[in-house]
Amino acid sequence: MGREKEHLAILDYSEYPGPRYDSQGPDSGEKFYVKLLNPSFLRCFREDKDLIVDLDGTAGYASSFLDEAFGQLTYDFGADRVKDRVSIQSLDEPEWRSMINDETIPQWEKRRNDHQAPKATMEYTVIHLNESGLEETRSGL
Amino acid sequence: MGGTSKNINPGKKRKRRAKFKRKVRVGPSPMVTVPRFFRRSIFSGSTLTYHSYKLKSSLPAAFSFAEDKESVLGFLNDTFSLYKRSKRKTKDRAFVFDLKSVENIDITSICLFLSLINKLKQNGIGSRGNFPDNENARTTIIESGFSEMMQSEFKQLKTKKYTNQIYIVGSKRVNNKRLGQSVKEAVGYLTGEEQHFKPMYTMLIEMCSNSVEHANRNEQDKNWVVSVSYEEDCVRFIVVDTGEGILRTIHKKWPERFMDSVYRNDGDVLSDILDKGYQSRTKEINRHKGLPRIKECHDAGFVSDMMILTNNVLYDMSTKTYQSVHNEYFGVLYSWSLTLNNFKKWEERKSI
């Protein structure tokens with residue numbers, strides 16, 4: 001029997017998703033990660049659930065928005081855990097799913113291994129898993 | 001005893017003399033001759049008034065990007081280099097642009113001109129100007145919303161009076177909602193129903209995001225202009241960002257810059273960037289996804305007639321050819337059109 005599923009629609013965050021960093025404009029990928037994606041994934045991880053992220057319904061995306069959001073998720077939890085629990089739903093533009101799975105996740109996994117921390121343009125604290133799989137906090141700014 | 005004039009540092013002496021000369025100028029005379037460093041510039045006939053400290057420059061008669069791009073780009077470069085040369089010499093300055101002799105002007109050159117004015121404004125330089133004597137040129141400028149944008153000091157216009165209007169002027173932040181709205185309106189114009197058109201929103205947000213992310217390390221040089229023109233059977237979009245340009249931004253490490261300058265021309269490098277080739281060559285991870293995405297949208301037929309001007313390259317996406325421009329453009333200009341067919345292609349793809 002499969003795991004229970006939790007649904008996260010980006011439309012609930014914004015109809016007009018913005019740029020990569022919070023300093024560059026409203027509804028950024030960075031803010032989406034901090035406010036919604038990180039807590040949702042963490043909850044799913046703790047409660048042994050899958051997370052379905054729905055990209056449909058919005059006005060569209062900049063590649064940098066998705067790269068920052070899913071990239072930071074990979075940086076904080078590792079590619080294996082993200083691939084195991086997160087499935088991306090994008091009926092309108094399936095190419096985003098390919099970009100995230102084939103480019104963003106491997107590239108940010110490399111950043112995780114190289115300890116190349118994400119750039120922060122807003123104040124935040126998120127929880128991530130370190131190399132031993134233990135929960136730790138990571139702060140921005 | 002020391003203290004004779006012989007012992008005074010010559011540098012200090014020059015500074016004192018310059019200070020004295022500046023003091024002398026603060027007098028009742030309304031006109032002051034142009035300082036020597038201006039005489040070497042193209043604006044040799046211009047004068048500085050004591051009260052306003054305005055710099056004067058005249059736009060060429062043929063200020064149309066479609067017809068004479070070199071003349072438009074040359075004017076932009078000359079004006080900005082004039083500002084840079086005068087940067088440390090005077091404090092309060094405002095440019096006065098003389099448009100009287102302009103006979104031919106188009107929306108692309110207006111956008112480029114506006115982005116220059118916005119760039120000057122962000123550097124603390126005001127701008128003023130007059131209208132062309134030529135009626136057609138005057139009408140084009142008025143209908144573009146250019147003067148309203150100037151009068152409102154670049155605040156966003158709430159009403160759209162004309163069909164050929166500059167839509168948004170921005171600087172350090174992307175205005176997602178406004179960009180999304182412009183897409184909806186364009187689709188509404190073509191189909192009769194305002195709705196999202198994802199590829200177009202993606203393109204606009206990629207362009208403006210690139211502008212604020214890569215444009216320039218100097219915050220005050222970041223700015224972008226979006227213009228939307230409603231034509232009979234299509235909607236034409238122009239996005240202009242000022243900064244350094246794609247090719248100057250991408251060439252970050254000197255070995256690559258050297259190799260590209262020796263073995264490849266700028267057109268090939270830009271073509272590579274658009275085809276994702278550059279990312280693999282430089283091994284720069286999680287960057288440069290935006291421009292390939294823009295090209296994918298064009299190649300899929302979701303927009304038409306896309307053209308990119310950056311640095312010394314004018315790239316035509318429809319024919320996949322490029323030409324070199326003599327006067328470098330420090331920034332990026334994108335221009336494309338949206339037709340009903342483009343939107344139908346997207347609808348068809350969604351239904352598959």
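The values are calculated or read from the model by the stated rules, or taken from the named source; none is laboratory data. Please read these numbers as outputs of a predicted model, since none were measured by experiment. Positions of Cβ are generated from backbone atoms using ideal geometry, with glycine treated the same way; all protein chains shown enter the neighbour counts.
Quick notes
- Going through (1) within 9 Å of another protein chain (Cβ to nearest Cβ); (2) under 23 Å from A:Asp48 (Cα atoms); (3) of a type outside the set (S, T, N, Q) one by one, A:Met99 falls short only on (2).
- Test: residue in segment B:144-165 that is buried (at least 17 other Cβ atoms within 10 Å of the Cβ), modelled with pLDDT under 65 and within 29 Å of B:Asn342 (Cα to Cα): yes
- Filtering A:Ser132, A:Ser139, A:Ser64, A:Ser87 for residues that are among the small types (Gly, Ala, Ser) and within 19 Å of B:Glu206 (Cβ to Cβ) leaves a single hit, A:Ser64.
- A:Ser63 fulfils the conditions (1) over 19 Å from A:Asp102 (Cα atoms); (2) more than 11 Å from the chain's Cα centre (by Cα); (3) not β-branched (Val, Ile, Thr) except for a single criterion, (1).
- Only one entry of B:Tyr322, B:Tyr329, B:Tyr334 meets the criterion of being over 21 Å from B:Leu114 (Cα atoms) and part of a strand (DSSP E or B), and that entry is B:Tyr322.
- Residue within segment A:8-22 that is surrounded by fewer than 16 Cβ atoms within 10 Å (Cβ to Cβ) and in contact with a strand residue (DSSP E or B) (Cβ under 7 Å, 6 or more places away or on another chain) present: yes
- Qualifying residue in segment B:255-268 (condition: closer than 26 Å to B:Asn341 by Cβ and either at pLDDT below 75 or within 14 Å of chain A (Cβ to nearest Cβ) (or both)): no
- Contacts under 6 angstrom Cβ, first residue in segment B:313-331 being under 16 Å from B:Ala66 (Cα atoms), partner outside any strand (DSSP E or B) and of a type in the set (A, V, I, L, M), 6 or more apart: B:Val313/B:Leu270; B:Tyr315/B:Leu270; B:Asn327/B:Leu73; B:Tyr329/B:Leu73
- Residue tally, condition more than 19 Å from A:Arg81 (Cα to Cα), in contact with a Lys or Arg (Cβ under 9 Å, 6 or more places away or on another chain) and aromatic (Phe, Trp, Tyr), over segment A:1-42: 3
- For segment A:102-120, a residue qualifies if it is part of a loop (DSSP other than H, G, I, E, B), within 12 Å of another protein chain (Cβ to nearest Cβ) and over 18 Å from A:Glu30 (Cβ atoms), and exactly one does: A:Asp114.
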